[in-house]
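Coordinate-derived values only; no laboratory data. Keep in mind that this is a model prediction, so the values were computed, not measured. Virtual Cβ from ideal backbone geometry, glycine too; neighbours counted across all protein chains shown.
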Amino acid sequence: MNRLRNLLENDKAVLTAWCGLSGRFYIETLAACNFDAITLDMQHGLQTDASIIDDVASVAVSGKPAIVRVPVGRFEFASRALDIGAHAVIAPMINTVEDAKAFASFMKYPPIGDRSHGVSQAAHVLGVPVLDYLNKADRDTMSFAMIETRQAVENLDDILDVDGIDGILVGPSDLSISYLQSPVPDPFGDATIEIIKEIAEKTRAKGKVAAIFCLTAERVDIAHAMGYRLMAIGADPLYIQQGAETMLSKVTFR
């Protein structure tokens, strides 16, 4: 149950897949690739309340941590994701201290939060006794608040001070949309690149984990240099498209 926490120790860089598609064999194939973790996306992906149960278990078989991004405001499913064996939960659009406290309350047991008891499935999936899970869950399972609006950046210091928030995950596309007031994103663009750097600096200064979504390997390198240590690289359509194109490019008669 401490797979993700252990990966992040000693300031190591962790690369996670970003998975919106579902299905046992697909998830197991993806988890067999050289990712450090697998993130299952319920917000914009096709993951559902039902599919996430099977897919978290499929990731667990690989020995890698499963991370779940819940839909906006679905804090009750944050607890559910932990109860089925997720190692971490990402909550989108955490814009205020109140948002952060509500998220943390579903992620942590008393006295930090109000998470209720019901972890038989998680203990089974992760292969730990129930009492061990209960005693270590608040430390070993991780909560990531997404920072992706101007309002969230303005409230960042206070959000980072919320007990029960373990890290920040930057959504660079929505962050640029918020600052540019345009539906066309410009992630890592001029309007937000320094803000992205400052978020990492502030997060690390508070002793918390700085995470970010990166569409390309080049952006992973940029983010790592800024101090980010949990980085999502690519997403399902790119994995499939680039894999197919690489294979097709090796056919000599075309």
When you scan region 117-127, how many residues do you find that are small (G, A, S) and not in a loop (DSSP other than H, G, I, E, B)? 3
Determine if region 221-237 includes at least one residue that is touching a residue at least 24 places away in the same chain (Cβ under 8 Å), over 22 Å from S105 (Cα atoms) and of a type in the set (D, E, K, R). yes
Might you let me know whether region 53-67 holds any residue that is of a type in the set (D, E, K, R), touching a residue at least 40 places away in the same chain (Cβ under 8 Å), more than 20 Å from Q242 (Cα to Cα) and crowded, with 17+ Cβ neighbours inside 10 Å? yes
Failed condition for W18, given (1) out of contact with any Ser or Thr (no Cβ under 6 Å at 6 or more places or on another chain); (2) closer than 23 Å to P71 by Cα: (1)
Which residues, taken from region 9-29, are of a type outside the set (S, T, N, Q), surrounded by fewer than 21 Cβ atoms within 10 Å (Cβ to Cβ) and part of a helix (DSSP H, G or I)? E9, D11, R24, F25, Y26, E28
In region 107-152, which residue that is of a type in the set (V, I, T) and within 16 Å of K208 (Cα to Cα) is surrounded by the most Cβ atoms within 10 Å (Cβ to Cβ)? I147
What is the residue count in region 6-56 for residues that are of a type in the set (D, E), touching a strand residue (DSSP E or B) at 6+ places or on another chain (Cβ under 7 Å) and over 24 Å from A217 (Cβ atoms)? 1
Count - residues of region 102-116 that are within 13 Å of E76 (Cα to Cα) and either in contact (Cβ under 8 Å) with a residue 12 or more places away in the chain or not in a loop (DSSP other than H, G, I, E, B) (or both): 10
Cβ pairs under 6 Å, 6+ apart, first in region 70-88 and more than 12 Å from A57 (Cβ to Cβ), second of a type in the set (F, W, Y) and crowded, with 21+ Cβ neighbours inside 10 Å: F75/F103; F75/F106; A78/F106; S79/F106
Tell me which residues, restricted to region 84-101, are within 20 Å of D157 (Cβ to Cβ) and over 14 Å from the mean Cα position of the chain (by Cα). N95, T96, V97, E98, D99, A100, K101
